[in-house]
């Protein structure tokens, strides 16, 4: 299989995939794909009772992705809907939709379309195992449920949302179980992935580790 210039970052919810992907995209001037955002967008439009085939078209035609220093900004016809997509309600709906073959099929080509010859960093649950099996570098980023809950707690608080830590931990553990045991595209590291446990690592330490892997593979 011919390898393409893609870095995949898979892992469970709130493991730091998005932050790492943004740093890599900025440092190496390559495109970024946050596949979780695509599923949240699907959930967002699904809540508006829009047909699934039409949702795929809306994502392609109406959504713009702007990479900021601290986040990926999502615009729907120039309206910023980033904070709405980060709600726990949207996250739960997205998790349910992601287990449906129809939804995954509709988003597959959209995900692949983010790749350009300059390269791509793609984060999600099955980037290295399904969407970009031909990626040059695959990373599986994980951390303990407690650490991930703390990170999600801070993220949601910064968005002005009320959160309950015990409920957040329980939700993350439940989502981990569903994601890793589902029949369709379960959450598992690719056979050729490098596993990074970030429980006791800062983002800077994770990025430094990943940067060395990237330079070894691409430079």
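The values are calculated or read from the model by the stated rules, or taken from the named source; none is laboratory data. Since the model is a prediction, treat every value here as computed from it, not as a measurement. Neighbour counts run over all protein chains shown; Cβ positions are idealised from the backbone, glycine included.
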Looking only at region 163-179, count every residue that is in contact (Cβ under 8 Å) with a residue 12 or more places away in the chain and either more than 12 Å from residue 95 (Cα to Cα) or not in a helix (DSSP H, G or I) (or both) and tell me the total. 5
Give me the helices (runs of 4 or more DSSP H) completely within region 1-81, filtered to those with at least 3 residues that are buried (at least 20 other Cβ atoms within 10 Å of the Cβ) and out of contact with any helix residue (DSSP H, G or I) (no Cβ under 7 Å at 6 or more places or on another chain), ordered by residue number. 17-28
Within region 1-39, tally of residues that are more than 10 Å from the chain's Cα centre (by Cα) and free of Cβ contacts under 8 Å to residues at least 60 places away in the same chain: 2
Please go through (1) closer than 30 Å to residue 27 by Cβ; (2) surrounded by fewer than 17 Cβ atoms within 10 Å (Cβ to Cβ); (3) out of contact with any strand residue (DSSP E or B) (no Cβ under 9 Å at 6 or more places or on another chain) for residue 201 and return the number of the only condition it doesn't satisfy. (2)
List the number of the failed condition for residue 181; all other conditions in (1) modelled with pLDDT under 90; (2) closer than 19 Å to residue 22 by Cβ; (3) more than 18 Å from the chain's Cα centre (by Cα) hold. (2)
